[in-house]
1. Considering only DSSP beta bridges with both partners in the stretch 145-320, what is the antiparallel share in %, to the nearest 5?
2. Which of rounded, prolate, oblate describes the stretch 253-360, given a ≥ b ≥ c as roots of the alpha-carbon gyration tensor eigenvalues and a/c under 1.5 marking rounded, otherwise prolate only if a/b is larger than b/c?
3. Each residue of the stretch 88-99 in order: what ³J(HN,Hα) in whole Hz does its phi give by Karplus 6.51 cos²θ - 1.76 cosθ + 1.60, θ = phi - 60°, with x for Gly and Pro?
4. What FRET efficiency comes out for the pair GLN285/VAL53, r = Cβ-Cβ distance, R0 = 41 Å, nearest 0.05?
5. Over all directions, the average projected area of the alpha-carbon convex hull for the chain comes to how many nm²?
6. Between ASP314 and SER301, what length comes free when the chain is fully extended (0.36 nm per residue of separation minus the Cα-Cα distance, one decimal in nm)?
7. Relative contact order of the stretch 145-320, please, whole-number percent, based on alpha carbon pairs below 8 angstrom and at least 6 residues apart.
8. Can you sort GLU345, GLU324 by how many other beta carbons sit within 10 Å, fewest first?
Amino acid sequence: MKQFEDNPPFQYLTILMKNNIDIVLGIETSCDETSVAVLDKGTVRSNIISSQVVHKEYGGVVPELASRAHMKMIVPIMNAALEQAGVSQDDIEAVAAVYGPGLVGALLVGLNFGKSLAWSRGIPFIGVNHMEGHIYSTFLEDEKPEYPFICLTVSGGHTDLLYIKEPLHYERLGRTRDDAAGEAFDKVAKMLGIGYPGGPVIDKLALDGNPGAIQFPRSYSQADHYDFSFSGLKTSVLYYLRDRKLLAGSGSPVAQSPELNDICASFQEAVVDTLMEKTRRAVTQHGVKHVAVAGGVSANSRLREAFRKMAAMDNITVYFPPPEYCTDNAAMAAYAGWLRLNKGETSPLSLAAVPNLNVA
Ligand code: KG4
Ligand code: ZN
């Protein structure tokens with residue numbers, strides 16, 4: 001509550017705003033992608049993303065290096081986004097920038113850049129919750145989720161199950177109690193010595209593996225709540241590799257083992273089963289007909305296949321973001337910001353970055 005008082009996220013602006021805001025410039029710098037997008041009435045005109053490769057050799061994001069790379073890239077990326085959209089700074093009617101959750105030094109670059117841009121042009125500014133951006137990335141397709149819907153957001157930092165009854169209102173049903181699903185993919189990939197980020201690599205290797213080869217645990221699958229846990233699964237993979245002397249860096253690393261594909265497929269299957277089981281139960285209990293899955297892990301091919309099968313069987317509709325909007329991007333931030341702006345909301349230029357911001 002204190003944080004809200006010190007740092008009110010939204011204010012209602014009655015004088016400055018014209019009736020409708022159409023052209024929004026979005027900015028995303030919460031982690032290791034510098035991204036700027038231009039949207040016109042919710043349609044993407046440009047979405048430029050610079051992914052920082054500097055972190056690969058460390059097997060995870062190094063916060064200081066992320067901030068420095070954002071500082072270097074934010075202006076060229078904005079210019080590229082304006083150019084691709086065929087607009088100039090004069091055409092931008094509002095600026096939407098992510099203010100949390102994320103790495104504070106990384107957030108500050110995009111947030112302060114966005115506030116300065118809005119102030120210098122005399123246009124409204126709105127701070128956007130990164131996770132709200134992920135939710136609304138599923139609205140960047142022509143076919144959009146219908147309210148009410150259940151939304152599963154699965155990223156490197158979050159695993160949330162939400163009930164969304166109306167626009168911009170969230171009821172949290174469950175969340176991870178330890179690692180996020182994407183984090184589990186990244187940590188298991190590190191144990192396997194197959195690179196960072198782990199999700200896309202495991203996804204690819206799993207295509208040639210047997211998902212039923214190894215029975216890894218499905219935590220909380222029988223529990224009567226909607227929370228998740230992935231740290232037990234991660235530890236199981238660790239013990240499996242250690243017992244067979246297959247850990248990355250050991251004498252016979254798994255990266256050269258014929259078992260690699262089966263391990264990837266079996267681990268991935270455990271994650272997908274757990275996510276699907278809880279989502280399915282939430283859909284039934286809330287009597288909804290629409291489900292959205294968003295965040296980096298929603299790019300996973302097995303997860304998409306499993307959710308599509310479930311949807312067909314249960315007669316519901318499932319929505320995913322277009323592949324390029326699964327991982328972090330500014331288009332999703334601009335879309336969420338556009339919705340809020342057109343409700344009459346703006347943020348004060350005193351808005352601070354909030355590293356642990358929640359949606360509900
Ligand atoms: O949404 P995102 O770009 O960043 C956060 O907000 O955290 O998600 C990044 C996460 C990483 O953990 C990455 O390994 C995972 O998404 N990811 C995937 C796939 N593509 C990205 N996980 C599973 N399968 C994929 N194809
Ligand atoms: Zn994200």
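Values in this text are rule-based calculations from the coordinates and carry no lab data. As the structure is a prediction and not an experimental result, all values here were calculated from the model. Cβ coordinates were reconstructed from backbone atoms using ideal geometry, including for glycine residues, and neighbour counts include every protein chain displayed.
1. Among the beta bridges of the stretch 145-320, antiparallel pairing accounts for roughly 55 percent.
2. oblate
3. 10, 4, 5, 7, 6, 9, 6, 10, 10, 10, 6, 10
4. After rounding to 0.05, the efficiency reads 0.40.
5. Answer in nm², one decimal: 18.1.
6. So the extension gain works out to 2.7 nm.
7. So the answer I get is 28 percent.
8. By the 10 Å Cβ count, ascending, the order reads GLU324, GLU345.
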